[in-house]
Amino acid sequence: MQRTAAAAGSAVFFVLAPGTIAGLIPWGLTGWHPHHTQASAWIPFRVLGAALIAAALPVLAAAFVRFAKEGIGTPAPIAPTGHLVVGGPYRYVRNPIYLAVTALIAGQALLLAQPALLWWAAMVALIFAAAVYGYEQPTLSERFGTEYDQYRHAVPGWWPRRRPWQPR
């Protein structure tokens, strides 16, 4: 796969997967309308929600770009990378896409004061964890062998490192 095709595939998958999970479904659940609550009590939560969204969007975009640029493939299982992706946000945590998508949903829940979105974020996080442990880790270990095993032992899956990992 060439970088142009990888970039196009990653862009399409970006719209389909995170666009649906963190965009279309939350909109369907809430219409993106704030829940009517005592507004002043929710201000700190709304600020936190906006901050989560603002932090998650660039991480999500950077992670997708890495798949095309470094991995010469896409995050979609039907068009995987030819190289293990370990740069950018992947130097801090192995699952930046899953963390960013979950943070986007949680951020919307707080910003809009919509508890239904917190339930959706929790459900999505459980689905992501099942996918990582049941499919991704075994598949990447099989495809990339020692390279992935060293990366997996050096970089946490769910809680980012303070300093970026430097491959040897």
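Per this entry, G19 is not counted among residues that are more than 30 Å from H153 (Cβ to Cβ), part of a helix (DSSP H, G or I) and touching a residue at least 12 places away in the same chain (Cβ under 8 Å).
Out of A113, A62, I need the residue that is touching a helix residue (DSSP H, G or I) at 6+ places or on another chain (Cβ under 6 Å), within 25 Å of G31 (Cβ to Cβ) and either surrounded by fewer than 22 Cβ atoms within 10 Å (Cβ to Cβ) or small (G, A, S) (or both). Which one? Write out each step before concluding.
Details: A62 fails: within 25 Å of G31 (Cβ to Cβ).
Selected residue: A113, the only one of A113, A62 that is touching a helix residue (DSSP H, G or I) at 6+ places or on another chain (Cβ under 6 Å), within 25 Å of G31 (Cβ to Cβ) and either surrounded by fewer than 22 Cβ atoms within 10 Å (Cβ to Cβ) or small (G, A, S) (or both).
Of the residues screened, G107 is one that is modelled with pLDDT of 95 or more and either touching a helix residue (DSSP H, G or I) at 6+ places or on another chain (Cβ under 7 Å) or closer than 19 Å to P58 by Cα (or both).
Close contacts from region 129-148, counting a first residue that is over 17 Å from Y90 (Cα atoms) and a second that is of a type in the set (S, T, Y) and in a helix (DSSP H, G or I), with Cβ to Cβ under 9 Å and a gap of 6+ residues or different chains, come to A131/Y98; E142/Y148.
Would you please name the residue that is nearest to the chain's Cα centre (by Cα), looking only at residues in region 75-94 that are assigned to a helix (DSSP H, G or I) and of a type outside the set (F, W, Y)?
Within region 75-94, the subset assigned to a helix (DSSP H, G or I) is 88-91.
Checking the rest, the ones that are also of a type outside the set (F, W, Y) come to 88-89, 91.
Details: G88: 13, P89: 10, R91: 14 Å.
Within region 75-94, the match that is nearest to the chain's Cα centre (by Cα) is P89.
Note on region 149-168: residues that are part of a helix (DSSP H, G or I) and either small (G, A, S) or over 19 Å from the mean Cα position of the chain (by Cα) (or both) total 4. Considering only region 78-101, I want to know if a residue exists there that is more than 27 Å from R163 (Cα to Cα), at pLDDT below 95 and either of a type in the set (A, V, I, L, M, F, W, C) or exposed (fewer than 14 other Cβ atoms within 10 Å of the Cβ) (or both). Yes, region 78-101 contains at least one residue that is more than 27 Å from R163 (Cα to Cα), at pLDDT below 95 and either of a type in the set (A, V, I, L, M, F, W, C) or exposed (fewer than 14 other Cβ atoms within 10 Å of the Cβ) (or both).
Residues of region 149-168 that are free of Cβ contacts under 8 Å to residues at least 60 places away in the same chain and over 14 Å from G88 (Cα atoms): D149, Q150, R152, H153, A154, R168.
Taking the criterion of being buried (at least 17 other Cβ atoms within 10 Å of the Cβ), at pLDDT 90 or above and touching a Ser or Thr at 6+ places or on another chain (Cβ under 7 Å), would at least one residue in region 29-52 satisfy it? No, the conditions are met nowhere in region 29-52.
The values are calculated or read from the model by the stated rules, or taken from the named source; none is laboratory data. These numbers come from a predicted model, not from an experiment. So basically every Cβ, Gly included, is an ideal-geometry build from the backbone, and we count neighbours across all protein chains shown.
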